[in-house]
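J.: Submitted below is the structure of interest, expressed as structure tokens.
Only the coordinates and a few stated rules stand behind these numbers; no lab work does. Predicted model, so just to flag it, every value in this text is computed and none were measured. Here Cβ is always computed from backbone atoms with ideal geometry, including for glycine, and neighbour counts include all displayed protein chains.
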Amino acid sequence: MIAKLKGVVESVDDGGAVIDVNGVGYLVSASSRTLRDLVVGQPATVLVETIVREDAIALYGFLETAERDWFRILTTVQGVGARVALSILSTLSPDEIARAIAAGDKASLSRPAGVGPKLAARLATELKDKAAAFGVAPASARAAAAAPVSGGSINEDAVSALVNLGYRRVEAFGAVARVTQRLGDGAQLDAVIRAGLQELAR
């Protein structure tokens, strides 16, 4: 099975790209997010998911491990084939998928083409545990050593503050959840809000 291609981008079209590896052109289907970052004539290393069918061997390419991992996870859900998975990844980033599933945000999950309300509900239900694992940001070197605080409503207050600043609740919920995983439960409110804003600005 082909797991990775390292070569030169020969062409980029709607829905796919050709990667030239030592004179052999490999056609890989990809999300619009990945295709935007591929530049014709420039070198590229593309992670590949190979799907073998009776009538064809299809290659799906990704520049990020998280996107490839979510492609694999999404296609485990009944009703989500490779094309729908790429549609989801074209509309939502891996972090946004994780936050939407963790928050049960069916509206966001319904945005990609090919995903109706029923499928969005199935994604939110079946992938909730996996979203928790994939939705956590890697530990940051600048994690604050904040002083402990009393009271159990820091997260709620931080979410409210971010919502008041104009962010959607699902975005604020996801950002605060990721930040508190990184900073710990003892983080001060202002530190959580600041870190949450940094998360949302990415």
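J.: Within 10 Å of each residue's Cβ, count the other Cβ atoms and sort 176, 9 from fewest upward.
T.: So the ranking, lowest neighbour count to highest, is 9, 176.
J.: Shifting gears a bit: For the chain, what is the charge dipole size about the Cα centre, in debye to the nearest 20, if Lys and Arg each add +1 at the Cβ and Asp and Glu each add -1 at the Cβ?
T.: With only Lys, Arg, Asp and Glu charged at Cβ, the dipole is about 280 debye.
J.: What's the angle, to the nearest 10 degrees (0 to 90), between helix 117-126's Cα axis and the longest principal axis of the chain?
T.: 70
J.: Where does the chain land on Rg/Rh, using Cα atoms and the Kirkwood Rh?
T.: Rg divided by Rh gives 1.04.
J.: Okay, moving on. Run the dipole for segment 4-62 about the Cα centre, Lys and Arg Cβ at +1, Asp and Glu Cβ at -1, nothing else charged, and hand back the magnitude in debye, nearest 20.
T.: Using only the charged Cβ atoms, the result is roughly 240 debye.
J.: Follow-up question, since we're still on this one. Give the order of 20, 37, 105, 129 when sorted by the count of other beta carbons within 10 angstrom, beginning with the fewest.
T.: Starting with the residue having the fewest Cβ neighbours, the order is 129, 37, 20, 105.
J.: Further, regarding this structure: How do 2, 19, 154 line up, fewest other C-beta atoms within 10 Å first?
T.: 2, 154, 19
J.: Another question, then. Can you give me the pair-distance distribution of segment 16-58, C-alpha pairs, 5 Å bins, whole percents?
T.: 5, 19, 30, 24, 13, 6, 2
J.: Okay, moving on. Please identify which residues in segment 99-121 have an amide N closer than 18 Å to a label point set 7 Å out from the Cα of residue 78, following the Cα→Cβ vector.
T.: In segment 99-121, the label zone of residue 78 (backbone N under 18 Å from the point 7 Å along Cα→Cβ) covers 115-121.
J.: Assuming R0 = 30 Å, what is the FRET efficiency of residue 153 and residue 65, from their Cβ-Cβ distance, to the nearest 0.05?
T.: 0.25
J.: Taking the Cβ-Cβ separation of residue 8 and residue 198 as r and a Förster radius of 41 Å, what is the calculated FRET efficiency to the nearest 0.05?
T.: Taking R0 as 41 Å, the efficiency between residue 8 and residue 198 is 0.70.
J.: Starting from the Cα of residue 163, step 7 Å along the direction of its Cβ; do the same at residue 125; then give the gap between the two resulting points in nm.
T.: Output for this residue pair reads 2.6 nm.
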